[in-house]
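So the structure is just underneath, and the comments pick up after that.
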Amino acid sequence: MQTVDLSTTELRELNAGLYAQMEAVTETDWEVLNPRGHHAVAVGINAPLNVDVHGSVGYYCAGMHQVGTVTVHGSAGPGVAENMMSGKVVIKGDASQYAGATGRGGLLVVEGNASSRCGISMKGINIVVRGNVGHMSAFMAQSGNLVVLGDAGDALGDSIYEAGLFVRGAVKSLGADCIAKEMRDEHVTLLQGLLDEAGIRDVSPTEFTRYGSARTLYHFNIDNAAAY
């Protein structure tokens with residue numbers, strides 16, 4: 001295992017070492033110590049690596065992630081896994097604003113709570129939050145799935161397109177064009193797969209309510225002007 005202590009090593013050196021694995025993988029397991037809230041830790045990984053970060057991180061950890069797994073044994077600041085393409089990112093603590101924003105693929109797991117705008121403009125990413133999410137989560141979500149085992153704040157799914165939202169707890173309010181939808185067998189199967197992938201075994205997919213687009217805002221209509 002390659003161990004990097006950010007109390008004695010520059011962050012640039014860590015990320016350069018991770019980027020070098022794209023050319024030739026010499027070490028698949030990485031341990032990062034004392035991140036101390038550094039921003040942009042382990043961004044843009046494009047090699048089959050397992051990176052364990054022991055402590056909390058700042059902005060944009062694991063941004064643009066493509067391959068392998070990044071696990072943060074702590075909490076994450078704003079924009080964790082922003083524009084993620086594939087692979088897996090796990091936050092053992094809480095995540096701040098816009099976790100998984102614009103993500104195009106892969107799986108983001110937040111084992112604590114996520115703040116406002118979780119999954120904003122998601123474009124294919126799957127996000128599983130064991131706790132609660134804040135207001136405006138899944139705003140303009142285009143595709144992918146947001147799974148919340150706790151509660152959701154105001155304006156969930158505002159201006160949503162075709163993403164799937166599954167909430168086990170209470171929803172404070174739904175955003176424009178977001179409605180509760182029927183939970184069919186294919187949605188139960190999909191949700192079970194996401195829970196399994198996230199390592200969650202203590203809840204059933206039948207305990208969730210499904211939300212999605214009412215499809216009334218796809219094309220401009222003067223009768224719906226107040227909703228835009």
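So for the stretch 125-228: antiparallel DSSP bridges make up what percent, rounded to the nearest 5? Percentage antiparallel, nearest 5: 40.
Taking other residues whose beta carbon is less than 12 angstrom from the beta carbon of Met1, and scoring Lys, Arg as +1 and Asp, Glu as -1, yields -4.
Between 0 and 90 degrees, the angle of helix 185-197 with respect to the longest Cα principal axis of the chain falls at about 20 degrees. For the chain, the mean residue ellipticity at 222 nm estimated from helices alone is -3000 deg cm²/dmol, where every DSSP H run of n ≥ 4 contributes -39500 (n - 2.57) and the total is divided by all residues, rounded to the nearest 500. Helix 11-20 axis versus longest C-alpha principal axis of the chain: approximately 90°, rounded to the nearest ten.
In which sequence would Arg104, Arg12, Arg215, Arg210 go, from the one with the fewest C-beta neighbours within 10 Å to the one with the most?
Numbers: Arg104 17, Arg12 9, Arg215 12, Arg210 20.
Listing Arg104, Arg12, Arg215, Arg210 from fewest to most nearby Cβ atoms yields Arg12, Arg215, Arg104, Arg210.
Highest mobility in the GNM of the chain, judged by mean-square fluctuation with C-alpha springs under 10 Å and restricted to Val57, Val188, Val147, is found for Val188. Between Val171, Val89, Val70, find the one with the highest GNM mean-square fluctuation for the chain; connect C-alpha pairs within less than 10 Å. In this elastic network of the chain, the residue with the biggest mean-square fluctuation among Val171, Val89, Val70 is Val171. Annotation: amide H of Gly87 within the under-5 Å range of Gly106, Leu107, sequence separation 5 or more or interchain, hydrogens built in the peptide plane. Let me see the P(r) profile for the stretch 122-216: every Cα-Cα distance counted, bins of 10 Å, each bin given as a percent of all pairs. Once binned at 10 Å, the Cα pair distances of the stretch 122-216 give 18, 56, 25, 1.
When peptides 18-28, 72-82, 173-183, 35-45 are sorted by average Cβ neighbour count within 10 Å, with the highest value leading, the order is 72-82, 35-45, 173-183, 18-28. Over all other residues within a Cβ to Cβ distance under 14 Å of Met136, the charged ones net out to -1, with Lys and Arg as +1 and Asp and Glu as -1.
Expressed in Å, the radius of gyration and Dmax of the Cα atoms of the stretch 54-133 are 10.3, 29.
With charges only on Cβ, +1 for K and R and -1 for D and E, what is the dipole size of the stretch 149-215 about its Cα centre, in debye, rounded to 20?
Values: 7 positive and 12 negative charges, 26 e Å.
Value, rounded to 20: 120 debye.
Out of all DSSP beta bridges with both ends in the stretch 62-124, state the antiparallel percent to the nearest 5. All intermediate terms of the calculation are to be shown ahead of the outcome.
On the way: 0 of 10 bridges.
So the antiparallel bridges in the stretch 62-124 amount to around 0 percent.
Starting from the Cα gyration tensor of the stretch 1-112, take the square roots of the eigenvalues, sort them a ≥ b ≥ c, and report rounded, prolate or oblate (rounded when a/c is under 1.5, otherwise prolate if a/b is larger than b/c, else oblate). Since a/c reaches 1.5 but b/c is at least a/b, the shape of the stretch 1-112 is classed as oblate. Over all other residues within a Cβ to Cβ distance under 12 Å of Pro35, the charged ones net out to -2, with Lys and Arg as +1 and Asp and Glu as -1.
On full extension, the segment bounded by Glu186 and Glu207 gains 6.1 nm, given 0.36 nm per residue less the C-alpha separation. Within a straight-line Cα-Cα reach of under 26 Å, Lys181 can be paired with the following lysines, leaving aside sequence neighbours fewer than 8 residues apart in one chain: Lys123, Lys172. In a fully extended conformation the segment linking Ala24 and Arg36 would gain 1.4 nm over its present Cα-Cα distance, using 0.36 nm per residue.
Each value in this text was obtained by applying a stated rule to the coordinates, not by laboratory testing. All values derive from a computational prediction rather than experimental measurement. Here the Cβ is made from the backbone with ideal geometry for all residues, glycine too, and neighbour counts use every protein chain on show.
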